[in-house]
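Participant: Starting off with a structure, shown below.
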There are 2 protein chains.
Amino acid sequence: MATPPRSTAFPAEQPQPARRPGGRSARIRAQVLDAVRAQLVEHGYDELTVDAVAARAGVHRTTVYRRWREVGGLLADVLDAAADDDWQPPDTGSLAGDLTAMNREVHTALTTGPPLTTALIAASFRSAEAADALGRFWEDRYGRCEAVVSRATRRGEIPEHTDARRLLIAATAPLFHQLLLLRTAPDLPLAEQTARDAASAAAVGTYAGPPTSSPG
Amino acid sequence: MATPPRSTAFPAEQPQPARRPGGRSARIRAQVLDAVRAQLVEHGYDELTVDAVAARAGVHRTTVYRRWREVGGLLADVLDAAADDDWQPPDTGSLAGDLTAMNREVHTALTTGPPLTTALIAASFRSAEAADALGRFWEDRYGRCEAVVSRATRRGEIPEHTDARRLLIAATAPLFHQLLLLRTAPDLPLAEQTARDAASAAAVGTYAGPPTSSPG
């Protein structure tokens, strides 16, 4: 699988910026964002304050207020930092294989380790700035994943005019739905089955071409 | 469409209990749950306190504490009350028609009127009791929707061994994903397309039988 170790698809559980340029400003940002992530995972959004983050990061509170203004700004920067990596979708040689590997990454992000992904999604219901940043993050991730669909098209596995986004969302949404909204127990076979269902639906042209007219 | 007016699928935007038995206890419950819904929609979870609900309902606070104990208990009872209706999934005569009508209801619940559904989902990230109650609510709703799948099977639209839950989640999850997590703008055609995609995938046997073996 062509993904770097310790990086996950949606969103990065352990954000690993591609490069961390030196300099005091970059070091402070890294310290502060590490503190935001740790505070969020350990105490949740309710105890995520600029003061708590500054104390945890060992940075003067006015530095944090000047650069990030408020909690929403801190959350948005955590998400923007998570997108600043070189993550690429898995390249296994088949559409079903790629989607399955993607969903395994999503499953890992949502069910293991510190629950940063879930905490960020929960925070996005309470901070418009975090919600916007999360939207940008997903947009970037789904954009990168379109490579999976174009490879499948080139290999002739799916029809040429397959709608990449429609297919990618069909493959991943049921997993998020089950784990985050329906709160079913972690279930890796479910993650894999969802991916295979989308791949086989795509192979027969389900996501290709314009939508048919509306029934009923 | 065979659904009662003012009732929506997931969860009821305007909960309409099938019957509201008389008596002081039932009246108090109705007043208190109305107050919880109004407070949640107007001020969010942060200002949802037992005291605020009691004041709003015009009920003595000790009455609320005795019966519901805390905010989690109030939220759970709102969700349990929402499930206590006679909602049935649409019966339009075709699988694509039924799923499309269902998704139109979901779209309405998530995008119009007071955002009670979204507020309850947001609250479920913060209260274990609300999360459990929301899980029971979904389970009940998806259970009722299995009738859509068995009718389609009887009509010969889809293979006999179609997994009802897998199909229903494939039809609805992309809509929740787009509106709640990706935060795309309200999009009724998207809701309808998602339903049709699942119906056409089901017709060719995508959700029938045991999963195929895992690739990659």
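Participant: Which of these, B:LEU179, B:LEU116, B:LEU79, has the largest mean-square fluctuation under a Gaussian network model of chain B (Cα springs below 10 Å)?
Facilitator: B:LEU179
Participant: What is the distance in Å between the Cα centres of region A:187-207 and region A:107-179?
Facilitator: Centre-to-centre (Cα) distance: 14 Å.
Participant: Tell me the net charge near B:ALA55. Cut-off is 14 Å between Cβ atoms, B:ALA55 excluded, with +1 for each Lys or Arg and -1 for each Asp or Glu.
Facilitator: Working: positive: B:ARG56, B:ARG61; negative: B:ASP34, B:GLU42, B:GLU47, B:ASP51.
Overall, the nearby charge balance is -2.
Participant: Here is a further query. What is the sum of charges around B:LEU182, taking Lys and Arg as +1, Asp and Glu as -1, for the other residues whose C-beta is under 13 Å from the C-beta of B:LEU182?
Facilitator: Overall, the nearby charge balance is +1.
Participant: Okay, moving on. Heads up, I need the accessible area for B:ILE158: 1.4 angstrom probe, whole protein in place, Å², nearest 10.
Facilitator: 10 Å²
Participant: Suppose only helical runs count, i.e. DSSP H with n ≥ 4. What mean residue ellipticity at 222 nm does that imply for the protein assembly as shown under -39500 (n - 2.57) per run, divided by all residues and rounded to the nearest 500 deg cm²/dmol?
Facilitator: So the helix-based figure for the protein assembly as shown works out to -19500 deg cm²/dmol.
Participant: Moving on. Taking springs between alpha-carbon atoms closer than 10 angstrom, which of B:ALA202, B:ALA82, B:ALA185 fluctuates most in the Gaussian network model of chain B?
Facilitator: For chain B, modelled as a Gaussian network with Cα springs under 10 Å, the answer is B:ALA185.
Participant: For chain A, set up a GNM with springs between Cα atoms under 10 Å and report which of A:VAL204, A:VAL149, A:VAL53 has the largest fluctuation.
Facilitator: Greatest mean-square fluctuation among the candidates belongs to A:VAL204.
Participant: Given the protein chains as shown and a 1.4 Å probe, how many square angstrom of B:HIS161 are accessible, to the nearest 10?
Facilitator: Its heavy atoms expose roughly 140 Å² to the probe.
Participant: Using Cα-Cα distances under 8 Å and only pairs 6 or more residues apart, what relative contact order does chain A have, in percent?
Facilitator: 24 percent
Participant: Let me ask something else. Net charge within 9 Å of A:ASP91 by Cβ-Cβ distance, Lys/Arg positive one each and Asp/Glu negative one each, not counting A:ASP91 itself?
Facilitator: Net charge in that neighbourhood comes out at 0.
Participant: Looking at region B:135-193, which GluC sites (Glu not before Pro) are DSSP coil and have at most 10 other C-beta atoms within 10 Å of their C-beta?
Facilitator: When the GluC sites (Glu not before Pro) of region B:135-193 are filtered for loop state and at most 10 Cβ neighbours within 10 Å, B:GLU160 remain.
Participant: If I model a spin label at B:ALA55 and B:GLU160 as a point 7 Å from the Cα along the Cα→Cβ vector, what separation in nanometres do I get?
Facilitator: In this crude label model, B:ALA55 to B:GLU160 measures out at 6.3 nm.
Participant: Once R0 is set to 35 Å, what does the formula 1/(1 + (r/R0)^6) return for the Cβ-Cβ distance between A:ARG27 and B:VAL41, expressed as a FRET efficiency to the nearest 0.05?
Facilitator: Given R0 = 35 Å and the Cβ-Cβ separation, E is 0.20.
Participant: Go ahead and run the numbers for FRET between B:VAL204 and B:ASP86, Cβ-Cβ distance against an R0 of 35 Å, rounding to 0.05. Working shown, then result.
Facilitator: Numbers: r = 34 Å, r/R0 = 0.98.
That gives a FRET efficiency of 0.55.
Participant: Testing the spin-label approximation: label points 7 Å from Cα along Cα→Cβ at A:GLU70 and B:ARG66. State their distance in nm.
Facilitator: In this crude label model, A:GLU70 to B:ARG66 measures out at 4.2 nm.
The values are calculated or read from the model by the stated rules, or taken from the named source; none is laboratory data. Note that the structure is a prediction, hence the values are computed from the model and not measured. No Cβ is skipped: glycine too gets one built from the backbone with ideal geometry, and neighbour counts run over all protein chains shown. Ligands, DNA and RNA are stripped out before the accessible areas are found, and what is left, the full protein with its side chains, is counted by its heavy atoms. Shrake-Rupley method; radii C 1.70, N 1.55, O 1.52, S 1.80 Å.
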